[in-house]
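Structure record follows, encoded as structure tokens.
The values are calculated or read from the model by the stated rules, or taken from the named source; none is laboratory data. Quantities reported herein were computed from a predicted structural model and do not represent experimental measurements. No Cβ is skipped: glycine too gets one built from the backbone with ideal geometry, and neighbour counts run over all protein chains shown.
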Amino acid sequence: MSQVTLIPVLAWVVALLFWSIAVSRARQPLSQGFVVDRALRYLFIFPLGLMSLWAFVGHVFFSERAAAAIGWAPSPFQFEVGYANLGIGLASLYAAYSGFYARVAVAIAASSFLIGAGIGHVVDISQHGNLAPGNAGPILVADFLTPMVVLALLIVAARRPRPKSLDTLALEAEVEVARRAMGEYQDALGKFKK
């Protein structure tokens, strides 16, 4: 089995394994928020983070082998694709341990890239019959599966209440103080008019 076939499958298997370990070791009863958070964390670490770093290394340092696995001729564009993968990989590792909005931002960028890559592979298959493992194998499935699952989990996560930030709490307190002051001012003004 080649790397290009094994790595996408392995990334998903390891993500699911780490997720199941985290869920099984967590305090009971489990909250939906915890289960979703850990699923997102391990998807950002493995199928998005480490797999993107693997793609960076392949496209930049082993461009001829990477192109051959895809069934394409080597191209200078692989350098650009490699560095796009580097950015997605590093941002994904950051998002794995960050808050909801960092995850959303990284998911949008990664999903745009991966779905675009997946469409390119499908077009290559339909127009040229290219069934090379790096074009039509598990990598193609991962190009669509990873964004779909990550975005679906983010939608679930968005529906649960999140604690307010300290800045939001401070602003709400200031607004409440101002509202009370205005009420007292209106009461005093009303007494003055009588």
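Descriptive notes on the structure:
For (1) in contact with a strand residue (DSSP E or B) (Cβ under 8 Å, 6 or more places away or on another chain); (2) over 26 Å from V4 (Cβ atoms); (3) not assigned by TED's automatic domain parsing to the domain that holds V36, each residue gets a yes or a no:
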position: A84; (1), (2), (3): no, no, no
position: V123; (1), (2), (3): no, no, no
position: V156; (1), (2), (3): no, yes, no
position: L169; (1), (2), (3): no, yes, yes
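- Any hit, the stretch 39-56, residues being free of Cβ contacts under 8 Å to residues at least 40 places away in the same chain and either farther than 19 Å from A109 by Cα or surrounded by fewer than 17 Cβ atoms within 10 Å (Cβ to Cβ) (or both): no
- Of all residues in the stretch 136-192, those that are in contact (Cβ under 8 Å) with a residue 40 or more places away in the chain, over 21 Å from F100 (Cα atoms) and assigned to a helix (DSSP H, G or I) total 4.
- Members of the stretch 120-177 found to be farther than 30 Å from W19 by Cα and among the hydroxyl-bearing types (S, T, Y), listed by number: S126, T168
- Checking F46 against (1) over 29 Å from G129 (Cα atoms); (2) not in a helix (DSSP H, G or I), the condition it does not meet: (2)
- Whenever a residue of the stretch 1-29 is closer than 24 Å to I70 by Cα, its partners that are charged (D, E, K, R) and part of a helix (DSSP H, G or I), lying with C-beta atoms within less than 9 angstrom and at least six residues away or across chains, give the pairs Q3/R65; P8/D143.
- Filter result (closer than 16 Å to A142 by Cα and crowded, with 16+ Cβ neighbours inside 10 Å) within the stretch 86-108: I88, G89, S92, A107
- Long-range neighbours under 6 Å by Cβ, at least six apart or interchain, first residue free of Cβ contacts under 8 Å to residues at least 40 places away in the same chain and assigned to a helix (DSSP H, G or I) within the stretch 66-85, second buried (at least 18 other Cβ atoms within 10 Å of the Cβ) and polar (S, T, N, Q): Q78/S63; N85/S52
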